[in-house]
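The values are calculated or read from the model by the stated rules, or taken from the named source; none is laboratory data. These numbers come from a predicted model, not from an experiment. Here the Cβ is made from the backbone with ideal geometry for all residues, glycine too, and neighbour counts use every protein chain on show. When the accessible area is computed, the model is the full protein with side chains, heavy atoms only, and any ligands, DNA or RNA have been set aside. Shrake-Rupley method; radii C 1.70, N 1.55, O 1.52, S 1.80 Å.
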Amino acid sequence: MKKLLILLTCVAFAGNVMAQAEDDADKYYIRNSVYMMKLTEKAPNKEYEQAYKIMNATFDTINFARRYERYNDFSLKNRVLDFDKLPAGTAEDGKAQGEDSNKQAVYVGRLAKYFKQDKTAAKLVAKWYSTPNTPEGKVKLDNDLINIQEYGMKGISEENKSNLLATGNMLTAYAKNTSDKLLKNTYVCVNRYNYVDAKDVIEAAGAIGDAALAVAGNNQLLRAGLGFLSKKAKDVVKGYFVVAHAYLFQLDWNERARNKVEVDYWKDDPKVQAKLIDDPVFKLKYVGHSSKRAPAAMSLKASTTLEKLIGRGTVRATDRSFAALQRDHEDFRPMTSLHVIDGKLAAYIGMKEDIEAGDKFDVFEAVMSKDDPNAMEWKKVGTIKVGKTVWDNREGAGEEIAGAAEDKDDQKAATTNYTEFKEKPGKFGEGHMIRLTK
């Protein structure tokens, strides 16, 4: 297993391009924070046991601070949960959290119970507000808010940054502005993996197709189109696939929660501060679920490439399910810098982020806040559209590995290490930030 982990460490970062240098716009962008976790399950049969070991081992090698560089990797120590050890729960528990699917609601309900039992939300709040190196689950409130400074100082101008630091006490207008943004946009994303045969993928697509045919009724053109898609799926989907499920939770941060920290517990008394961890006002709320697949191997036979193929598929599926959550939930979407490269509008995003030709992005510029002179705000100034070619920055991009499963991608990959937009520079360019629209 040690040899496997060494190999997978290489797989998880092969071809993973580092984030580009931040430009002036990035200085004022306060990123969302994500605590990435994994939910492990037993393989459904012995045939898949090796695949499940590889998927789990691969997750453990991913450096999320580098892979999802547009988010803060703000995490607690434990990243792995065992499904069998979660508190008991039913689909009704998950539906009470807002999940409609019976199958996924079971996971959501049990995860929600775990977070409540573990006091995960309070631990995250304590980490934000405590002095660095405070033991997890303990509270030592920090008047200088060093952690919030580290992650949130990008949200204010250099002049105001200097003025605030000179006061020696950050718990002022800066805290009300920046702590709210950072804590409100603190998420927990739990990843769960399945290994499936292409036959299962096709059967699932067939079930959806049958439902669509029922709706199509006597519309022969639509029925013919659905039949073509079904045949095409059988032609291009072959082998075994990694399916990544992602369950997104968000810190339920509001004025009451903030006042609990900054008023009720902000006392020069360790016993009073310690009570923060047990306060039920701090909790996580369920945001949503996504599920995406990525091709792995053509067979389950042991080979020198099996670990590499499943490892690559695991990272790609994780990326795709993470990107799907961004598409479904606007507040979770990150901004990225817009650039002018060789006379064209471009951005360092691509297939890893599940970007497709024709995707629309809103363009923003930084302006001083009308409500808070210490803060910057983002003003929408227009919209641009992705061109025909998209940068293939997926795990192992361009690397052909023998024995790979087949799942053809119709879009054309760019030969450059960036994605281009249809519009020409002029109104938009360097200094602007962009974010995917609905």
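Number of residues in region 185-217 that are modelled with pLDDT of 80 or more and open to solvent by 20 Å² or more (accessible area, probe 1.4 Å) equals 8.
List every residue pair whose Cβ atoms sit under 7 Å apart, with the two residues 6 or more apart in sequence or on different chains, where the first one lies in region 267-292 and is within 25 Å of Q104 (Cβ to Cβ) and the second, anywhere, is in a loop (DSSP other than H, G, I, E, B). Hits for this filter: K283/D252; L284/D252; K285/D252; Y286/G98; Y286/E99; V287/H329; G288/H329; H289/E99.
Considering region 342-365 alone, what residues qualify as being in contact with a Phe, Trp or Tyr (Cβ under 6 Å, 6 or more places away or on another chain) and open to solvent by 10 Å² or more (accessible area, probe 1.4 Å)?
Initial filter on region 342-365 (in contact with a Phe, Trp or Tyr (Cβ under 6 Å, 6 or more places away or on another chain)): 345-346, 348, 350, 363-364.
Selection gives Y348, F364.
Within region 55-73, if we keep just the residues that are touching a helix residue (DSSP H, G or I) at 6+ places or on another chain (Cβ under 8 Å), in a helix (DSSP H, G or I) and among the aliphatic types (A, V, I, L, M), the residue that is surrounded by the most Cβ atoms within 10 Å (Cβ to Cβ) turns out to be M55. Restricting the search to region 74-103, which residues are over 15 Å from F249 (Cα atoms), open to solvent by less than 60 Å² (accessible area, probe 1.4 Å) and assigned to a loop (DSSP other than H, G, I, E, B)? Of everything in region 74-103, those that are over 15 Å from F249 (Cα atoms), open to solvent by less than 60 Å² (accessible area, probe 1.4 Å) and assigned to a loop (DSSP other than H, G, I, E, B) turn out to be L86, P87, G89, S101. Region 374-438 holds strands (runs of 3 or more DSSP E) entirely within its bounds, and those carrying 3 or more residues that are open to solvent by 50 Å² or more (accessible area, probe 1.4 Å) map to 376-385. Scoring G137 on the criteria (1) assigned to a helix (DSSP H, G or I); (2) modelled with pLDDT of 65 or more leaves a single failure, condition (1). Listed by position, the helices (runs of 4 or more DSSP H) enclosed by region 241-337 that each have at least 2 residues that are open to solvent by 10 Å² or more (accessible area, probe 1.4 Å), at pLDDT 95 or above and touching a Gly at 6+ places or on another chain (Cβ under 9 Å) are 306-328.
Within region 399-430, restricting attention to residues that are in contact with a strand residue (DSSP E or B) (Cβ under 7 Å, 6 or more places away or on another chain) and among the small types (G, A, S), the residue that is farthest from D328 (Cα to Cα) is G403.
Restricting attention to region 42-51, which residues are surrounded by 15 or more Cβ atoms within 10 Å (Cβ to Cβ) and within 18 Å of K85 (Cα to Cα)? Walk me through how you get there before you give the answer.
As a first pass, look at region 42-51 and keep what is surrounded by 15 or more Cβ atoms within 10 Å (Cβ to Cβ): 43, 48, 50-51.
A43 - this is the single residue of region 42-51 that is surrounded by 15 or more Cβ atoms within 10 Å (Cβ to Cβ) and within 18 Å of K85 (Cα to Cα).
Of the residues making up region 45-54, not a single one is modelled with pLDDT of 95 or more and part of a strand (DSSP E or B). In the set A112, A122, A126, only one residue is closer than 22 Å to S290 by Cα and assigned to a helix (DSSP H, G or I); that residue is A112.
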